[in-house]
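Working notes for the structure below.
Values quoted throughout were computed directly from the atomic coordinates according to the rules given, and no laboratory measurement underlies them. Note that the structure is a prediction, hence the values are computed from the model and not measured. Cβ coordinates were reconstructed from backbone atoms using ideal geometry, including for glycine residues, and neighbour counts include every protein chain displayed.
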Amino acid sequence: MRQSAMTEELAGRRIVAPETRELALLVRMLEERGAECLACPLVAIHDAPDPEPVAAWIERFIATPCDDLILLTGEGLRRLVAFAERRGARDAFLAALVKSRRITRGPKPVRALREIGLDADLSAEQPTSDGVIRLLSRLDLKDRRVGVQLYPDSAHEALLGRLGAAGASVDPVLPYVYASSAEDAAVVAIIDQIAAGKVDAIAFTSAPQVRRLKDVAEKSGRSEALRQGLARIVVAAIGPVAAAELEKLGVAPSVTPAGETYFMKPLVRALAQALTARAGRPAIDEARPG
């Protein structure tokens, strides 16, 4: 009985799923609850186009492991491990990681560490760069060598400045870049469906997805149509970083997972609850013109 209820609660609801690496997982979770998903892969991730700075950073790290290593994303650690493996240095890199105090921004780098048999020594209470800065403010970093795994499309001046002010020697690395994986025309088509009221919800799982949607809307002259469309549907954000990016767009997310459960399953659960609460109105398929 429980499974039957779960598979019907989103019946007739159309949900935009802008995801890349875990798109299939997100779509499966939503479809198991009866939703119709419109997959929109807004962001792709690639290795840094110039591999030499990454190679040089890994060589330095292996030769002299950092006292501290700040991991801002799980994807970044996975890319570094894969890069070291291609260079025949995976074991040496993992051995160096053991010698560093590992500081993480949130649950994703923790999971990536556990995939290679390690764990975080310290983790920010809030999975944001500001959360990391607050954590670092309690540490004595004078004369310590600190590696920082950066990620693209984000300002890191405050974090790197805090480390420098604390007397640390900072060694940053940027192991990957974002690239658009959906053609503008496909994204425009999704924007038009949102603006026309042909979807019930959209579930954002990263800030770059929001930025990509905003950029395409601006280029195609659809900024206001997008904002108005998002204001009429349920907008879900997996955590505070994606929510903050939506607020820059002028959209307040109507759904975020409770507490600090910034994972896909709680996001889907919260989204289902929000749409079920709207069940007093007809499902959008019933109201949509044929």
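Which length gain, in nm to one decimal place, applies between E52 and A274 when the Cα-Cα distance is subtracted from 0.36 nm times their residue separation? Display every interim value, and only then the final one.
Details: separation 222, 0.36 × 222 = 79.92 nm, distance 4.74 nm.
Between E52 and A274, full extension yields an extra 75.2 nm.
For the chain, what is Rg from Cα atoms divided by 2.2 N^0.38 Å, rounded to two decimals?
Details: Rg = 21.0 Å, N = 290, 2.2 N^0.38 = 19.0 Å.
After normalising by residue count via 2.2 N^0.38 Å, the value is 1.10.
Take the eigenvalues of the Cα gyration tensor for the stretch 11-91, scale each by 5, and report the square roots as semi-axes in whole Å, largest first.
Details: eigenvalues 291, 31, 21 Å².
Output for the stretch 11-91: semi-axes of 38, 13, 10 Å.
For the stretch 130-166, which trypsin sites (Lys or Arg not before Pro) are in a loop by DSSP, counting at most 15 other Cβ atoms within 10 Å? Kindly include the intermediate steps, with their values, before the conclusion.
Numbers: sites: R134, R138, K142, R144, R145, R162; in loops: R138, K142, R144.
For trypsin sites (Lys or Arg not before Pro) across the stretch 130-166 that sit outside H, G, I, E and B with at most 15 neighbouring Cβ atoms in 10 Å, the list reads R138, K142.
Using the Kyte-Doolittle scale, which helices in the chain average at least 1.6 and also have C-alpha atoms spread 24 Å or more along the helix axis, with helices defined as whole DSSP H runs? It would help to have the intermediate numbers written out before the result.
On the way: long enough: none.
Taking the DSSP H segments of the chain (at least 24 Å long, mean hydropathy at least 1.6), we get none.
How big is the C-alpha Rg of the stretch 51-177 next to the rule-of-thumb value 2.2 N^0.38 Å, as a ratio?
Details: Rg = 13.3 Å, N = 127, 2.2 N^0.38 = 13.9 Å.
Taking N as the residue count of the stretch 51-177, the ratio is 0.96.
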